[in-house]
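Enquirer: A single structure is presented below for examination.
Just so you know, all these numbers are worked out from the coordinates, no wet-lab data involved. Quick caveat: nothing in here was measured; it's all calculated off a predicted structure. Neighbour counts are summed over all protein chains in view; Cβ atoms, including those assigned to glycine, are modelled from backbone coordinates with ideal geometry.
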Amino acid sequence: MYRFVTGRADRWGRRVKVKTYTEEIADFRKQNFLFESNRALLVKNRGSLQMSFGRAAKQRLKAMIWPTFFLMLAAYFIWQGTQGDRGIITQRLRETQLGEMRGDLARVEADRDAWEHRVSGLRGPLLDPDLLDERARAMLNLADPNEIVVPYGPGNRLF
């Protein structure tokens, strides 16, 4: 009851069988009748019903594999986005560490500026004689006879 249509072919170049509308309706009714009759047989025979339940459970498990896989993949990416090495929590932790390091940098730069100011008095054409005298006495451990020397312990150094 199939008729071949000229000019229609599938992707491999074979001619395609085309059913008429009435043939399609008849096939649908036949399949529906077979389904209903099989359903009635399954209700009568309990063993087949249990086998059908096992098949249905197996089909449901097979249908759940891919959604479960993609759900776990999405959970992995969400976890990495929040808790991972480049996650949100790690980023906030690094921002606080960066703030602390900037504070340390400001303290060290202020200390460096103070030392540069002291050292600038020992260089160049504007040499500060008092600063030079102070440093020479401290390095050579000498004092003027007219000066009063106050000894400090090793833990209480001035410089």
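Enquirer: Provide the descending list of Cα extents for the stretch 45-159 along its principal axes, expressed in whole angstroms.
Expert: Sorted largest first, the three principal extents are 124, 35, 17 Å.
Enquirer: Related question: For residue 142, what is the net charge nearby, where nearby means another residue's Cβ is under 12 Å from its Cβ and Lys, Arg count +1, Asp, Glu -1?
Expert: On the way: positive: 135, 137; negative: 133, 134, 144, 147.
For residues surrounding residue 142, the net value is -2.
Enquirer: Which three extents, in whole angstrom, do the alpha-carbon atoms of the stretch 104-159 cover along their principal axes, largest first?
Expert: Here the spans come out as 42, 35, 15 Å, largest first.
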